[in-house]
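The values are calculated or read from the model by the stated rules, or taken from the named source; none is laboratory data. Note that the structure is predicted; figures quoted are calculated from it, not measured. Cβ atoms come from the backbone with ideal geometry, glycine included; neighbour counts cover every protein chain shown.
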Amino acid sequence: MYKNLNEMGAIYGLKFTAHDLLSNSRPSILLGEYIHLHYPAQEDAYHASVFSAYFSEGKDIGQSKILADLLQKLGIDSNVLANALNDPACQIRMKENAQSSAAMQVTGTPTFFIGNERIVGAQPYPRLLAVARRALGLDDTNQNDF
């Protein structure tokens, strides 16, 4: 799996590190919601740093120390983490996002909706292109050809 991810990510400068760690992502998601609400200019940088920490560096993004370090690198006081984990607005946003995802039958990430098709997981470009072509009516190939 990581071989394919690294091949697909190479053109974007992305590196994936093989690890067996399955982090509790709840703290990092709540922090992301807090940053969205209170530090919107830092939101993209935050998401990129969490992605890199987990997928490239193999760090446990469920650990407060890891998240505090990411905040400091972004120039945000690490005490913001405690606020984020206890902020009712962030908890509501996270719950609403989870409910929307469940309603749309999102079971993994990434999930793409193209036309009437749901594509789950990292997929090769030809697969995404074929689905997009079908959605545009440019190709009537059966969706199970991949």
Verdict on residue 70 being assigned to a helix (DSSP H, G or I) and in contact (Cβ under 8 Å) with a residue 40 or more places away in the chain: no
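Limited to region 5-53, what total is found for residues that are assigned to a helix (DSSP H, G or I), touching a Phe, Trp or Tyr at 6+ places or on another chain (Cβ under 9 Å) and surrounded by fewer than 18 Cβ atoms within 10 Å (Cβ to Cβ)?
Going through region 5-53, the residues assigned to a helix (DSSP H, G or I) turn out to be 5-10, 26-38, 40-53.
From what's left, touching a Phe, Trp or Tyr at 6+ places or on another chain (Cβ under 9 Å): 5-6, 8-9, 28, 31-32, 35-36, 46.
Still in the list and also surrounded by fewer than 18 Cβ atoms within 10 Å (Cβ to Cβ): 5-6, 8-9, 36.
Counting residues in region 5-53 that are assigned to a helix (DSSP H, G or I), touching a Phe, Trp or Tyr at 6+ places or on another chain (Cβ under 9 Å) and surrounded by fewer than 18 Cβ atoms within 10 Å (Cβ to Cβ) gives 5.
Can you spot a residue in region 102-123 that is in contact (Cβ under 8 Å) with a residue 40 or more places away in the chain, outside the structural domain of residue 34 (by TED's automatic domain parsing) and out of contact with any strand residue (DSSP E or B) (no Cβ under 9 Å at 6 or more places or on another chain)?
Going through region 102-123, the residues in contact (Cβ under 8 Å) with a residue 40 or more places away in the chain turn out to be 122.
Now drop any that are not outside the structural domain of residue 34 (by TED's automatic domain parsing), which leaves 122.
Narrowing further to those that are out of contact with any strand residue (DSSP E or B) (no Cβ under 9 Å at 6 or more places or on another chain): 122.
Yes, that holds for at least one residue.
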Tell me which residues, restricted to region 100-115, are over 21 Å from residue 31 (Cα atoms), of a type in the set (Val, Ile, Thr) and assigned to a loop (DSSP other than H, G, I, E, B). 106, 107
Which one is nearest to residue 11 (Cα to Cα) among residues in region 104-141 that are exposed (fewer than 11 other Cβ atoms within 10 Å of the Cβ) and of a type in the set (Gly, Ala, Ser)? 108
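From the list 75, 62, which one is in the same structural domain as residue 20 (by TED's automatic domain parsing), on the phi > 0 side of the Ramachandran plot and of a type in the set (Gly, Ala, Ser)?
Details: 62 fails: on the phi > 0 side of the Ramachandran plot.
On inspection, the qualifying residue turns out to be 75.
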Being touching a residue at least 40 places away in the same chain (Cβ under 8 Å), surrounded by 13 or more Cβ atoms within 10 Å (Cβ to Cβ) and polar (S, T, N, Q): is that true of residue 56 here? yes
Got at least one residue in region 81-92 being part of a helix (DSSP H, G or I), surrounded by 12 or more Cβ atoms within 10 Å (Cβ to Cβ), assigned by TED's automatic domain parsing to the domain that holds residue 43 and in contact (Cβ under 8 Å) with a residue 60 or more places away in the chain? yes
Residue count, region 54-67, condition assigned to a helix (DSSP H, G or I), closer than 24 Å to residue 2 by Cβ and out of contact with any helix residue (DSSP H, G or I) (no Cβ under 7 Å at 6 or more places or on another chain), comes to 3
What number goes with the only condition from (1) at pLDDT 95 or above; (2) closer than 30 Å to residue 124 by Cβ that residue 16 does not pass? (1)
Breaking point among (1) modelled with pLDDT under 95; (2) closer than 14 Å to residue 26 by Cα; (3) part of a loop (DSSP other than H, G, I, E, B), for residue 97: (3)
